[in-house]
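The values are calculated or read from the model by the stated rules, or taken from the named source; none is laboratory data. Given the structure is predicted, the values throughout are model-derived calculations rather than measurements. Cβ: placed from backbone, ideal geometry, glycine included. Neighbour counts: every protein chain shown.
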Ligand SMILES: [Fe+2]
């Protein structure tokens, strides 16, 4: 067993790639055509079918449902996970619905980043929790995309986009040796967290967050590997996550709904959620676990 800490260096390839992906103001291609708006009641069957086939549903509602109806929609997919983090309680409704609003300036504090105007680094949801505590699905609904920020010379910036990077393609970009290390390496924590790379239903699944400038403490069972071998594997993983071209992104409009399978995609957010007077970005989020996922080992 070997243990250590990964701390990024400015010269690491992913640092420049990350800033190009998340902070350049580029408009990324949409993962797919958004289907024409439908009443909320009709969205469920499509959601389940698409999530099962490729891990993503992207649709539009002709009206945004009240919280009760959105929660009922979420319950058709599985068990809703309560929002227990004290840091987010001001934004929680009915214990399970998180209101993601851009109310903080750009910050390095990970617990505030979802509520900030800056970028959110790529991650799988709940990577620091045991598998049973990680959501299988994240459902997001847009109430207000926020007004785009305008530069001094009158140019409209692209509003914040939710970036999606397929785990299978990140896995594909790694060498067999890097995969072997990540399959037996996990965060060093009191919780019994899964390895950074594992298999679910025959697919490669990552449990991993880009910690940015913070240290990632890890422990590894990689035979014969040194601390620097493991850190190099993390460096390769981060480069593969941010080098993914073309990365896709959800462009939010009032009524857009995205359901993301947390075992198919890393997600993150570009910067650009600056709120203008009279308008702020507002998404509602549910996290859902499924019996199948909970039973996984
Ligand atoms: Fe997230």
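Go over the candidates 139, 158, 163 one by one and state the one that is assigned to a loop (DSSP other than H, G, I, E, B) and either in contact (Cβ under 8 Å) with a residue 60 or more places away in the chain or under 17 Å from residue 249 (Cβ atoms) (or both).
Exactly one residue qualifies, and that residue is 158.
Could you list, in sequence order, all residues of region 256-278 that are modelled with pLDDT of 90 or more, part of a loop (DSSP other than H, G, I, E, B) and either more than 12 Å from the ligand (Cβ to nearest atom) or within 22 Å of residue 149 (Cβ to Cβ) (or both)?
Once the filter is applied, which keeps residues that are modelled with pLDDT of 90 or more, part of a loop (DSSP other than H, G, I, E, B) and either more than 12 Å from the ligand (Cβ to nearest atom) or within 22 Å of residue 149 (Cβ to Cβ) (or both), region 256-278 yields 263, 264, 270.
Restricting the search to region 196-222, which residues are in contact with a strand residue (DSSP E or B) (Cβ under 8 Å, 6 or more places away or on another chain), part of a loop (DSSP other than H, G, I, E, B) and surrounded by fewer than 18 Cβ atoms within 10 Å (Cβ to Cβ)?
212, 215, 221
Only one of 245, 227, 199 is modelled with pLDDT under 95 and away from the ligand (no atom under 16 Å from the Cβ). Can you tell me which?
245
For region 166-189, which residues satisfy the criterion of being part of a strand (DSSP E or B) and without any contact (Cβ under 8 Å) to a residue 60 or more places away in the chain? Explain how you work it out, then say what you get.
Applying the first criterion (part of a strand (DSSP E or B)) to region 166-189 yields 166, 185-187.
Answer for region 166-189, where residues must be part of a strand (DSSP E or B) and without any contact (Cβ under 8 Å) to a residue 60 or more places away in the chain: 185, 186.
If you go through region 44-63 one residue at a time, do you hit one that is surrounded by fewer than 19 Cβ atoms within 10 Å (Cβ to Cβ), at pLDDT below 90, in contact with a strand residue (DSSP E or B) (Cβ under 7 Å, 6 or more places away or on another chain) and in a loop (DSSP other than H, G, I, E, B)?
Among the residues of region 44-63, at least one is surrounded by fewer than 19 Cβ atoms within 10 Å (Cβ to Cβ), at pLDDT below 90, in contact with a strand residue (DSSP E or B) (Cβ under 7 Å, 6 or more places away or on another chain) and in a loop (DSSP other than H, G, I, E, B), which makes the answer yes.
Select from region 65-85 the residues that are assigned to a helix (DSSP H, G or I) and at pLDDT 90 or above and write down the one among them that is surrounded by the fewest Cβ atoms within 10 Å (Cβ to Cβ).
68
For region 93-113, name all the residues that are within 12 Å of the ligand (Cβ to nearest atom) and touching a residue at least 60 places away in the same chain (Cβ under 8 Å).
Within region 93-113, 98, 100, 110 qualify.
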